[in-house]
Every structure is written in structure tokens, then in C-alpha cells.
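Single-structure report; data block below.
The values are calculated or read from the model by the stated rules, or taken from the named source; none is laboratory data. From a predicted model like this one, the values you see are computed outputs, not experimental measurements. Here the Cβ positions follow ideal geometry from the backbone for every residue, glycine too, while neighbour counts run over all protein chains shown. Each accessible area value is taken on the protein alone, full model and side chains, heavy atoms only, with ligands, DNA and RNA left out. Shrake-Rupley method; radii C 1.70, N 1.55, O 1.52, S 1.80 Å.
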Amino acid sequence: MEKKKLIRIFDRQASRYDKSKETLKQQSMRKSLISKAEGEVLELAVGAGANFPYYQSGVKVTAIDFSNAMLEKAKITARNNNVDAKFICSDIEEISFEQHSFDTIVSTLSFCSYENPLSMMKNIQQWCKPGGKILLLEHGISNNRFVAFLQKILNPLLYRTIGCHHTRNIMAMTRDAGLSVEQMENYYLNMVYVIWARPGKKYY
Ligand SMILES: C[S@@+](CC[C@H](N)C(=O)[O-])C[C@H]1O[C@@H](n2cnc3c(N)ncnc32)[C@H](O)[C@@H]1O
């Protein structure tokens with residue numbers, strides 16, 4: 001899909017994003033992941049800032065999103081949670097940072113939207129300092145055959161309407177990108193993954 005169209009889809013969702021209440025399980029997944037972030041943090045596709053309540057004090061967040069409407073919500077969430085954040089409105093697939101710029105890279109529910117998620121997974125390892133943290137909460141294809149079948153059928157419609165693929169194989173992607181996964185948890189019939197990782201050795 002054209003990027004302009006994708007941005008419009010997310011702009012339209014922004015007002016819903018900051019009002020939607022997450023379940024206790026979703027909140028606890030975010031908390032256990034995001035509380036491990038430290039130092040200079042890059043947060044990809046920040047949306048309305050759903051992770052901001054869970055950052056420890058002292059982190060400095062660079063938050064990116066290509067939807068201005070989402071960023072406006074995220075700025076308010078950052079202020080309300082005293083998060084030291086700066087915001088960049090850009091397509092993360094078009095931007096580049098110097099090698100080893102960040103102590104921690106965070107992505108939650110963003111790899112479903114990228115045109116080329118594998119190259120993004122490789123990029124973030126370059127941007128992360130050697131031994132730094134890569135913290136991911138992502139959703140993708142279930143290992144339950146019936147659920148996966150439904151996901152494949154519904155995927156074209158879901159991508160067209162909410163801008164999000166439901167058939168990405170998250171663990172295969174981390175493996176193919178050479179990420180060094182230290183801990184992984186999965187939920188909801190393996191559709192959702194929480195991953196604590198570091199850049200693979202070849203990115204040092
Ligand atoms: C499903 S939302 C997730 C938002 C947030 N990370 C969260 O956990 O609630 C996906 C976000 O990714 C942003 N996004 C998708 N593709 C992007 C890209 N290529 N560059 C920058 N932002 C992107 C959208 O604008 C949207 O805010």
C-alpha cells in the first residue's frame with residue numbers, strides 16, 4: 001500500500017488509540033518489557049505513547065512515527081508521565097542513524113506495518129550499541145493451524161482497513177536477522193511475542 005494511504009489510516013486511528021484501555025495482561029506485558037529500557041532509547045513507531053507509563057526515570061527517549069496525529073497524542077502522554085522525550089515525524093524505513101547510537105531500542109506492535117520488516121530488524125541492530133538492549137512486543141502468525149488459517153484469510157482486509165499484517169512470523173524474523181534473543185514469552189496462541197534481545201555478534 002502507498003505510504004500516504006497508510007499514514008492516513010493511522011492518523012484516523014489516533015483518537016481511538018489514546019482512549020483505548022488495555023487489559024491487565026497487556027499492561028503487564030508492556031511493564032515487564034519497557035521497565036528494562038535504559039539510557040538513550042529509540043522507540044520505533046511510538047503511536048500515542050502507550051509505553052510511556054512504564055519507562056524508568058532517567059531514560060531519554062527518541063520517539064518516531066510517521067503519523068502526526070499519533071505524535072500529538074504521544075507528546076501529551078510523555079508530559080503526563082514525565083518522560084524525557086523528543087519526537088521525530090518520519091517514515092522509520094526511510095530514516096537512518098549512526099551506528100551504535102542507542103542503549104536500548106523499543107518496538108511494540110510496529111513490525112506488522114513495515115514494508116520490509118526484516119531489513120528494519122537488521123537496521124535496529126546497527127543503531128543499537130554493542131551489548132545494548134532490543135525490546136520487542138510484536139504480533140504475528142499463530143502456530144495454531146486453525147487460527148493461522150483465519151489470519152491468512154482475514155489479512156488482506158485487515159491490512160487495508162487498519163494498516164497491519166497479521167501473518168508475519170516474528171521468531172523467524174528475529175532468527176533471520178541474527179538477533180541474539182535472551183528471553184521470549186508468547187501469548188494468545190503464539191500470536192503475541194515479548195522478546196528481550198541484544199544485537200547479534202555480527203553487528204558489533
Ligand atoms: C499498531 S500502532 C502501535 C503503536 C505503539 N507502538 C503501541 O504499542 O501502541 C503502529 C504505529 O506504527 C506507526 N508506523 C507504522 N509504520 C511506520 C513507519 N514506516 N514509520 C513510522 N511509523 C510507522 C503508525 O503510525 C502507528 O502509530
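At-a-glance table
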| read-out | value |
| --- | --- |
| Subset tally (residues that are surrounded by fewer than 15 Cβ atoms within 10 Å (Cβ to Cβ) and either among the charged types (D, E, K, R) or not in a loop (DSSP other than H, G, I, E, B) (or both)) for segment 102-127 | 3 |
| Considering residues of segment 36-59 that are more than 17 Å from the chain's Cα centre (by Cα) and at negative phi only, the residue surrounded by the most Cβ atoms within 10 Å (Cβ to Cβ) | Val59 |
| Subset of segment 6-47 (residues that are near the ligand (Cβ under 7 Å from one of its atoms), within 19 Å of Val192 (Cβ to Cβ) and modelled with pLDDT under 95) | Tyr17 |
| Cβ pairs under 9 Å, 6+ apart, first in segment 160-177 and within 13 Å of Phe10 (Cβ to Cβ), second assigned to a loop (DSSP other than H, G, I, E, B) and hydrophobic (A, V, I, L, M, F, W, C) | Gly163/Met1; Gly163/Cys112; Cys164/Leu109; Cys164/Cys112 |
| Those residues of segment 128-153 which are touching a Lys or Arg at 6+ places or on another chain (Cβ under 8 Å) and assigned to a loop (DSSP other than H, G, I, E, B), in sequence order | Gly140, Ile141 |
| Criterion violated by Ile76 - all others in (1) open to solvent by 40 Å² or more (accessible area, probe 1.4 Å); (2) within 10 Å of the ligand (Cβ to nearest atom); (3) aliphatic (A, V, I, L, M) satisfied | (2) |
| Unmet criterion (only one of (1) open to solvent by 40 Å² or more (accessible area, probe 1.4 Å); (2) under 13 Å from the mean Cα position of the chain (by Cα)) for Gln99 | (2) |
| Verdict on Tyr193 being part of a strand (DSSP E or B), of a type in the set (Ser, Thr, Tyr) and out of contact with any Pro (no Cβ under 8 Å at 6 or more places or on another chain) | yes |
| Selection within segment 79-117 - within 8 Å of the ligand (Cβ to nearest atom) and touching a Pro at 6+ places or on another chain (Cβ under 6 Å) | none |
